[in-house]
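Here's the structure, in structure tokens; my notes come after.
The values are calculated or read from the model by the stated rules, or taken from the named source; none is laboratory data. Because the structure is predicted, anything quoted here is derived from the model rather than measured. Every residue, glycine among them, receives a Cβ derived from its backbone with ideal geometry; neighbour counts consider all protein chains shown.
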Amino acid sequence: MRFQAVSVVAAASLASAITPAGFQPASQNTLVVQYGNQVVTSGQVLARNATQVQPTIGTTQRLPGTYAVVMVDLDIPTDAPPRTNTLLHWLQTGLTSSQQPTRSGTNGTGLFLLQNTQQAAPLSEYIGPNPPARAPLSHRYTFILVDHSNITAQGLQALTAATQERIGFNAQSVLSAAGLGPQTVLAGNFFNVTNPGPLAGTGPNGTLPNGTTPNGSSGSGTSVPAGAVAGAGVGLGAVLAAVLASVLAGVL
């Protein structure tokens, strides 16, 4: 089925690029992303505090099949600026379109919600944006919607394995390894969250003289323990969430 995207808001419908320039796999179709009452317009700047709770996502047409949403930060600081890294913020499989549209956005446009009706555990639990006081201060958070209706057992295993390391996540390579080609990417969106600055510390790239960020983590060397990510996926509660937030505070 060909997806004909119609944006929830007029400004989004005028945008020629839904995903950021240069990002692959790209999409020209709008994935509706909504935080509370705020519908995301491609490329707009959102406040950090407005994006800490997992958003509602959907499409303006009902889609058959089963889908995954992938959210990646494209602007993780490194110790070799202006080079940047990536970080996986969210990967949820098993999403299906609601049977009936709901009302969304200020103009009341109908929206078919993408719902996790089978209560599938996320492959990577949602982490809210939190750009550090390191260059670049502005981060692009990019979403893609992937049709995985025909994924094989081996493909799902490859997708699951790829989420064990959030830092350095390459969406195109991961999907390809899972047997999900560019034709399975049906929609996308992105927004920016900016740290107001100033850059922290006096060392290069906003680090302290000893090469660490103010919270003690060091540049691109920060990583997320695989066990913590896997545990978060099965819901270990507030203690694990606090540990995960502490580990990621220097890179998001």
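Annotations for the structure displayed:
- Test: Leu88 is surrounded by 24 or more Cβ atoms within 10 Å (Cβ to Cβ) and either acidic (Asp, Glu) or under 18 Å from Asn170 (Cα atoms) (or both): yes
- Within the stretch 17-39, residues that are modelled with pLDDT of 95 or more reach partners that are assigned to a strand (DSSP E or B) and of a type in the set (Lys, Arg) with beta carbons closer than 9 Å, at six or more positions or on different chains, in the pairs Pro20/Arg140; Phe23/Arg140.
- Lone unmet requirement of (1) more than 24 Å from Thr56 (Cα to Cα); (2) at pLDDT below 95 for Gly108: (1)
- Hey, Gln164 surrounded by fewer than 16 Cβ atoms within 10 Å (Cβ to Cβ) and touching a helix residue (DSSP H, G or I) at 6+ places or on another chain (Cβ under 8 Å) or not: yes
- Listed here are the strands (runs of 3 or more DSSP E) enclosed by the stretch 45-142 that have at least 2 residues being closer than 21 Å to Thr19 by Cα: 56-59, 67-77, 84-97, 109-115.
- Each residue in the stretch 35-66 was checked for being buried (at least 20 other Cβ atoms within 10 Å of the Cβ) and touching a helix residue (DSSP H, G or I) at 6+ places or on another chain (Cβ under 9 Å), and 4 pass.
- Test: Gly179 is out of contact with any strand residue (DSSP E or B) (no Cβ under 6 Å at 6 or more places or on another chain), surrounded by fewer than 19 Cβ atoms within 10 Å (Cβ to Cβ) and either among the polar types (S, T, N, Q) or in a loop (DSSP other than H, G, I, E, B) (or both): yes
- Those residues of the stretch 183-193 which are in contact with a Leu (Cβ under 8 Å, 6 or more places away or on another chain) and not in a strand (DSSP E or B), in sequence order: Thr184
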